[in-house]
Amino acid sequence: MSEQLRDRDRLVEELIEVGRDAVGRGLVLASAGNLSARISDREFVVTASGTWLDRLTAADFAVLSLDASESGDAALGGPRPSSEWKLHHRAYLARPDAECVLHLHPRTAVVLASVGTPIRRLTLDHAYYLGEIAVVPFYHNGTDELADTAAVALRDHNCVVMQHHGCSVVADTVQMAYRRALNLEDAAQATALAVQLGDTTTAFPEDGATHA
């Protein structure tokens, strides 16, 4: 079977727009977070080390392979990938159906996960786009422990929140991945509001997740 190639330029442009919008919405600050997309069956692009997500250009993406032996070394003449490249690499290996991985730092979602308050899906969009939300304990950024633990969670979930750190979301398109990231933080904010109102149990009906 021939290798399936993706439109690299289009995917990079979509990631650039996601980065700009995510910073504008406060889902990530400055050079925190990183974005990636598959460009072929064997390779993916990921934002380079130190890049500010609202200032990305096409030159700010490193190309890495999906080989198990990938070391994260910069390609000749190319930028050095984000220190979190393993999060993306392991996620793609765990989820062959994933075409995009977004790693952001949504404040409310991270705070709730870190203090042990479950993020509840309270609206139709939350239920439809998110599914069950995984939470994993803190591991230092860039480590195998973090990447492997998140990847295990992503095998059965589309969203994982890493305590005291951030989140990773996966999808079959950049746009769907970003919808999930947006809904994750919205669900966290809605949960926080519900808790402030004294409600700790209400969640979206289990049989009501059909989207129009």
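Taking R0 as 22 Å, what FRET efficiency do you get between E206 and R155 from their Cβ-Cβ distance, rounded to the nearest 0.05? Step by step, r from the Cβ atoms, then E = 0.50.
Axis of helix 8-24 versus longest Cα principal axis of the chain: the two differ by about 40°, to the nearest ten degrees.
Heavy-atom accessible area, probed at 1.4 angstrom with all protein chains present, ranks E206, E99, E145 as E206, E145, E99, highest first. Counting only DSSP H runs of at least 4 residues, each contributing -39500 (n - 2.57), and dividing by the residue count of the chain, the helix-based mean residue ellipticity at 222 nm comes to -11500 deg cm²/dmol. Taking G33, G166, G78 in turn, the Gaussian network model of the chain (Cα-Cα springs below 10 Å) assigns the largest fluctuation to G78.
Can you tell me how much longer the chain between R25 and D9 gets when fully stretched, taken as 0.36 nm per residue apart minus their C-alpha distance, in nm with one decimal? Walk me through the intermediate numbers first.
Numbers: separation 16, 0.36 × 16 = 5.76 nm, distance 2.45 nm.
This chain segment gains 3.3 nm when fully extended.
Could you work out the local net charge near D125, counting Lys and Arg as +1, Asp and Glu as -1, over the other residues with Cβ closer than 11 Å to its Cβ? Residues near D125 contribute +2 overall.
Comparing mean-square fluctuations of H157, H105, H89 from a GNM of the chain with C-alpha springs under 10 Å, the top value falls on H157. Determine the shape class of the range 96-140: with a ≥ b ≥ c the square roots of the Cα gyration tensor eigenvalues, call it rounded for a/c under 1.5, and otherwise prolate if a/b is greater than b/c, oblate otherwise. Oblate. When both bridge partners sit in the range 112-179, DSSP labels roughly 50% of those beta bridges antiparallel. With the biggest extent put first, the Cα atoms of the range 1-139 measure 45, 36, 29 Å across the principal axes. Between F138 and E17, the FRET efficiency estimated from the beta carbon spacing at R0 = 30 angstrom works out to 0.50.
Could you look at the range 35-86 and say what percent of its accessible area is carbon and sulfur, using a 1.4 Å probe and all protein chains? List each step's numbers first, then the result.
Working: 1130 of 2390 Å².
Whole-percent figure for carbon plus sulfur exposure: 47.
The values are calculated or read from the model by the stated rules, or taken from the named source; none is laboratory data. Bear in mind the structure is a predicted one, so any value in this text is a computation, not a measurement. Neighbour counts are summed over all protein chains in view; Cβ atoms, including those assigned to glycine, are modelled from backbone coordinates with ideal geometry. In case anyone asks, the SASA skips ligands and DNA or RNA and just uses the protein heavy atoms, side chains included. Shrake-Rupley method; radii C 1.70, N 1.55, O 1.52, S 1.80 Å.
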